[in-house]
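Inspection log for the structure reproduced underneath, given as structure tokens.
The values are calculated or read from the model by the stated rules, or taken from the named source; none is laboratory data. These numbers were taken from a predicted model, which means no experiment stands behind them. Cβ: placed from backbone, ideal geometry, glycine included. Neighbour counts: every protein chain shown.
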């Protein structure tokens with residue numbers, strides 16, 4: 001894979017991930033409309049003032065969010081992560097791609113080019129949050145031969161291009 005092809009693969013993976021995030025966010029929003037209300041970010045302007053000082057260590061995530069908000073962890077994030085996990089595992093095990101991957105023309109495969117086993121898919125999806133920490137796991141995609149991210153390397157899977165099949169129209173078939 002050339003550098004240009006690797007860059008295109010990284011861009012396509014990012015596009016697919018963004019589409020999937022929007023889909024899962026909308027699903028989570030649907031759950032919220034059913035009464036599962038939460039707040040992702042809570043302002044802490046009264047507690048954190050740039051530049052950060054020693055007292056800001058009481059809110060360590062504030063340093064990552066520029067001192068204006070901090071991530072409130074707990075049940076809501078677990079629900080969102082659970083929705084993401086179920087969505088990804090179901091889609092990858094049933095059709096080999098999520099809706100975002102389909103939009104970007106990508107497919108998940110094992111080393112032999114076949115659809116991975118369910119265990120590999122679950123392992124891969126459990127490792128995706130580790131790769132997503134500051135996108136560190138995705139840096140591997142820029143340097144590995146087939147543009148694999150950290151979670152792909154560990155689960156021995158890879159994302160490949162899957163050209164979309166065009167449907168033949170009845171009027172275009174030879175008589």
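Observations on the structure shown:
- For region 26-49, filtered to residues that are closer than 22 Å to residue 100 by Cα and touching a helix residue (DSSP H, G or I) at 6+ places or on another chain (Cβ under 8 Å), the residue that is modelled with the highest pLDDT is 27.
- Taken over region 102-128, the criterion of being surrounded by fewer than 17 Cβ atoms within 10 Å (Cβ to Cβ), in contact (Cβ under 8 Å) with a residue 12 or more places away in the chain and farther than 14 Å from residue 86 by Cα is satisfied by 105, 110, 111, 113.
- The set of residues from region 134-148 being loosely packed, with under 12 Cβ neighbours inside 10 Å and either in contact with a helix residue (DSSP H, G or I) (Cβ under 8 Å, 6 or more places away or on another chain) or assigned to a helix (DSSP H, G or I) (or both) comprises 134, 135.
- Tally of residues being under 21 Å from residue 160 (Cβ atoms), over 11 Å from the mean Cα position of the chain (by Cα) and at pLDDT below 90 across region 112-139: 4
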